[in-house]
Each structure stands twice: as structure tokens, then as C-alpha cells.
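**Student:** Right, I'll just put the structure down here and ask away after.
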Amino acid sequence: MGAQKSIHAGKAKIDVNVDFTHKLCASLMVPPFRSGNDSPLSLIIGSLCIKHPNLFGGSEKLDISWDKGLYDSNILIACRRPRPEWLAQQSFIIQHSISPEIGVHGIPVDNFSRSCSGGVNLSKLSVGVDLNEPASSKWSSTTSIKFENVRPVNDDGRSISRDGDGFPVTCSGKSHDSMVVLKQESRFAKANDSSFFHFSLQIEQGVPVLSKWLLFNRFKFVASKGVKVGPAFLLTKMMGGSIVGDMAPYQAFAIGGLASVRGYGEGAVGTGRSCLAANSELTFPLTKMMEGAVFLDCGTDLGSGHHVPGNPALRQGKPGSGFGLGYGLRFKSQYGHFQVDYAINALQQKTVYFGLSNLAS
């Protein structure tokens with residue numbers, strides 16, 4: 001349920017999308033993780049996108065987008081300069097987002113099957129430059145350098161420096177953290193009619209331009225392999241990462257939830273300086289527009305939970321490792337994909353997940 005509209009103003013294009021579907025699914029099937037009286041505007045999710053193909057008369061492209069969720073929002077301004085195809089494409093980026101920090105500071109409930117708000121949200125401002133290297137036949141890479149300011153806020157929007165238990169939520173111990181982050185991401189993709197393989201490696205280096213700014217090194221990898229098995233399709237995925245150096249609790253790896261271990265709430269398996277998770281899913285056709293799926297997920301913090309400042313995993317009783325298995329349905333249409341998963345975790349607690357993706361614009 002929603003409305004979409006495109007408006008042309010000279011050379012600029014404005015896309016507006018307002019959607020009630022996510023709220024409808026959430027209110028009917030999934031209990032909210034934040035309590036309180038919501039205003040009517042909070043019931044709406046949507047997006048606004050403004051594009052200009054020739055901002056200063058030299059083919060500079062301007063993209064402005066605003067995405068609003070139930071509890072989060074993201075504003076992105078990107079200006080791209082035209083360059084020859086054999087050179088790295090430059091983009092100047094300004095981004096501001098605010099979102100609940102559930103993975104680390106969320107409170108697991110119902111035998112870790114759900115995570116409720118711990119009253120910590122992150123307001124992030126980043127300014128910097130992206131360089132997209134020319135892609136080869138299988139490899140592509142992106143390098144960026146950005147200044148980032150992270151400010152934890154409570155559910156009322158007020159700055160905080162400590163969580164509900166009195167532990168710091170920033171590395172500096174103050175109301176915000178500042179850092180300059182040099183980031184390199186490399187991606188490999190190979191596919192044919194019967195299989196595919198994807199691999200990505202992301203490395204972040206915190207550069208202490210000032211003595212109080214964060215100094216750290218963080219890496220994360222994701223590898224996935226898909227193979228046709230008769231009419232079915234088998235997908236396996238492994239992901240992991242680690243961080244060394246200065247660290248705020250919100251930088252910890254969160255294990256649990258739809259993106260890692262189904263059957264658990266977001267971050268309910270564990271939060272650590274390191275992590276490793278694996279997924280296997282077999283999908284098979286039921287009708288032309290619907291597929292069935294069975295899956296097995298597992299994940300661990302590799303015993304690193306106590307190395308996170310304040311040890312939030314121990315305070316919330318997270319197990320540090322766990323697995324989930326279940327089944328689901330995948331619906332495909334010209335408007336996008338809809339996913340329903342039913343999972344049970346190691347504590348035999350059942351969870352239902354709903355997802356909408358790739359909605360047509």
C-alpha cells in the first residue's frame with residue numbers, strides 16, 4: 001500500500017514514494033521494539049529523491065535522497081564529477097542518519113527471539129569523498145575517506161554518554177565520537193547459467209588526525225556461493241570480521257537476526273570484537289510466482305564479547321553462539337519480492353520474519 005510520483009522540473013527529476021506496507025506488516029505480525037505514543041507521521045515510511053544531470057553546466061550530477069523508516073531516517077547528498085571511464089569516478093558525499101542501536105544495546109526478550117530497544121540511538125554525520133575504481137571483468141573496488149561524527153541519543157532525541165546501566169556508549173566517554181575513516185572495499189563476482197560466486201572484503205582504518213580521535217582497524221568479509229540442484233537452488237554464505245584498536249560499543253559486530261542467524265533477535269546471539277556466521281538455504285519452486293525455502297544459520301562472537309567496552313553481551317546474558325533453522329516462502333512479482341521465514345533457535349523459541357525488497361519505482 002503506497003503512492004509513487006515522479007515530477008520533472010526543468011532538467012531535474014523528483015521521485016516521491018510513500019509506503020504503508022511495512023507499517024501494516026509490522027503492526028499486524030511483529031511487536032514493535034519501542035514503546036510509546038507515536039505521532040501520525042511516524043506511521044509513514046517513504047523516500048524522496050531529487051536528481052539533476054547538469055548542475056554547474058559541466059555534466060556534474062547531483063543526487064539528493066531522503067529515506068524515512070518507522071524509527072530511522074537517512075539523508076544523502078552526492079555530487080559526482082564527470083571523468084574519463086578509465087579513471088576513478090569521484091563523488092563528494094554528505095550523509096546524515098539516525099537509527100536505533102539494537103544490535104549492541106538492544107535487550108533480548110522471549111528466549112532471545114526478539115530484541116527490544118535499549119534506549120540508545122545513533123545520530124551519524126559523515127562528509128567525504130568516494131572513489132570508484134574502473135571495474136575489470138570480475139573485480140571492482142571503492143575507496144573513500146570521510147570525516148564521521150557519531151552522537152548517541154535517547155528515544156527523545158537528547159544526547160547521552162551512558163546507557164541505562166551507567167556504562168559509556170562512546171569511546172571518548174563524552175556525548176560524541178569523531179574520526180577520519182579511510183575505507184577500501186573490493187568485490188569479486190563470477191556467474192554462469194548454473195552457479196555464481198560473490199566475495200567482498202571491506203577494510204576500515206581510523207586515522208587519528210587529532211589525538212582524541214579514534215585509531216582502529218576493522219575488516220569484514222562476505223562470501224556467497226549459489227548452485228542449481230535440479231529445479232532447486234542451494235545458497236551458502238559465510239561472513240566474518242574483526243576490529244582492533246580504539247573501539248566504541250556501537251562498533252561491535254552484532255550476531256543474530258534476519259541478516260545473520262534467524263530465530264534470534266537482532267544482536268541476540270552475541271556482540272563482539274570478532275564474529276563468524278554461516279548460512280545455508282535451499283529454495284525450490286512451488287508456483288510461477290512462489291518459492292519454498294528451508295535454511296540453517298549459525299554464528300558466534302569467537303569468545304570476544306568480553307573485549308567490547310562495558311561488556312554489553314554479558315550484562316544482557318547473550319550466549320555468544322547459536323543456531324537457527326526453519327522454512328519460509330518467497331513471493332515474486334513485478335512490484336518486488338516478499339519474504340516470510342519461520343525459524344526456531346537453539347532455545348526452541350519460534351520467530352516469524354517478514355521482508356519486502358526491490359520494490360519497483
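The values are calculated or read from the model by the stated rules, or taken from the named source; none is laboratory data. Just so we're clear, the structure is a prediction, and the values are computed from it rather than from any experiment. We place every Cβ from the backbone using ideal geometry, glycine too, and count neighbours over all the protein chains shown. Remember, those area values only see protein heavy atoms, side chains included, never the ligands or the DNA or RNA. Shrake-Rupley method; radii C 1.70, N 1.55, O 1.52, S 1.80 Å.
**Student:** Given the peptides 111-121, 262-272, 332-342, 304-314, arrange them by the average over their residues of other C-beta atoms within 10 Å, most packed first.
**Tutor:** 262-272, 111-121, 304-314, 332-342
**Student:** Match the structure shown to one of the listed values (1) 34, 28, 24; (2) 30, 28, 24; (3) 38, 26, 20 of semi-axes √(5λ) of the Cα gyration tensor in Å, computed from it, and give that label.
**Tutor:** This structure yields the entry labelled (2).
**Student:** A 18 angstrom limit on the alpha carbon distance is what I want to check against. Which of Lys237/Lys332; Lys183/Lys220; Lys51/Lys332; Lys228/Lys350; Lys190/Lys332 exceed it?
**Tutor:** Checking Cα-Cα distances, Lys237/Lys332; Lys51/Lys332; Lys228/Lys350; Lys190/Lys332 exceed 18 Å.
**Student:** Pulled fully out, how much extra length does the chain show between Lys51 and Thr143, if you take 0.36 nm times their separation in residues and subtract their Cα-Cα distance?
**Tutor:** 30.8 nm
**Student:** Could you work out [θ]222 nm for the chain from helices alone, using -39500 (n - 2.57) per DSSP H run of at least four and dividing by all its residues? Round to the nearest 500 deg cm²/dmol.
**Tutor:** Calculated from helices alone, the mean residue ellipticity at 222 nm is -1000 deg cm²/dmol.
**Student:** If the reach is capped at under 18 angstrom between alpha carbons, list the lysines near Lys174, excluding any in the same chain fewer than eight residues apart.
**Tutor:** Hits, sequence-local ones excluded: Lys124, Lys212.
**Student:** Counting only protein heavy atoms and using a 1.4 Å probe, what share of the accessible area of the chain belongs to carbon plus sulfur, as a whole percent?
**Tutor:** Carbon and sulfur together cover 61 percent of it.
**Student:** So, counting K/R as plus one and D/E as minus one, what does the shell of residues with Cβ under 15 Å around Phe221 add up to?
**Tutor:** +4
**Student:** Show which aspartates and glutamates lie in cross-link reach of Lys146 when reach means a straight Cα distance below 16 angstrom and same-chain residues fewer than eight apart are skipped.
**Tutor:** Asp130, Asp177, Glu185, Glu204
**Student:** Keeping every protein chain present and rolling a 1.4 Å probe, give me the accessible area per residue for the chain in Å².
**Tutor:** For the chain, the solvent-accessible area averages 54 Å² per residue.
**Student:** Put a dot 7 Å past each Cα toward the Cβ at Ser136 and Asp155; how far apart are the dots in nm?
**Tutor:** So the two model labels end up 5.1 nm from each other.
**Student:** Here's a follow-up. Below 14 angstrom from the Cβ of Val127, what's the summed charge of the other residues (Lys, Arg +1; Asp, Glu -1)?
**Tutor:** Taking every other residue near Val127 into account, the sum is +1.
**Student:** Using only the Cα atoms, work out Rg/Rh for the stretch 51-208, with Rh taken as the Kirkwood radius, to two decimals.
**Tutor:** 1.05
**Student:** Would you tally the net charge around Lys237, using a Cβ to Cβ cut-off of less than 12 Å, leaving Lys237 out, and scoring K and R as +1, D and E as -1?
**Tutor:** With Lys, Arg at +1 and Asp, Glu at -1, the net is -1.
**Student:** Okay, next question. For Cα pairs less than 8 Å apart in space and 6+ apart in sequence, what is the mean separation divided by the residue count of the chain, i.e. the relative contact order in percent?
**Tutor:** Relative contact order, the chain: 10 percent.
**Student:** Quick one: how many Å² of Lys61 are accessible to a 1.4 Å probe, rounded to 10?
**Tutor:** 110
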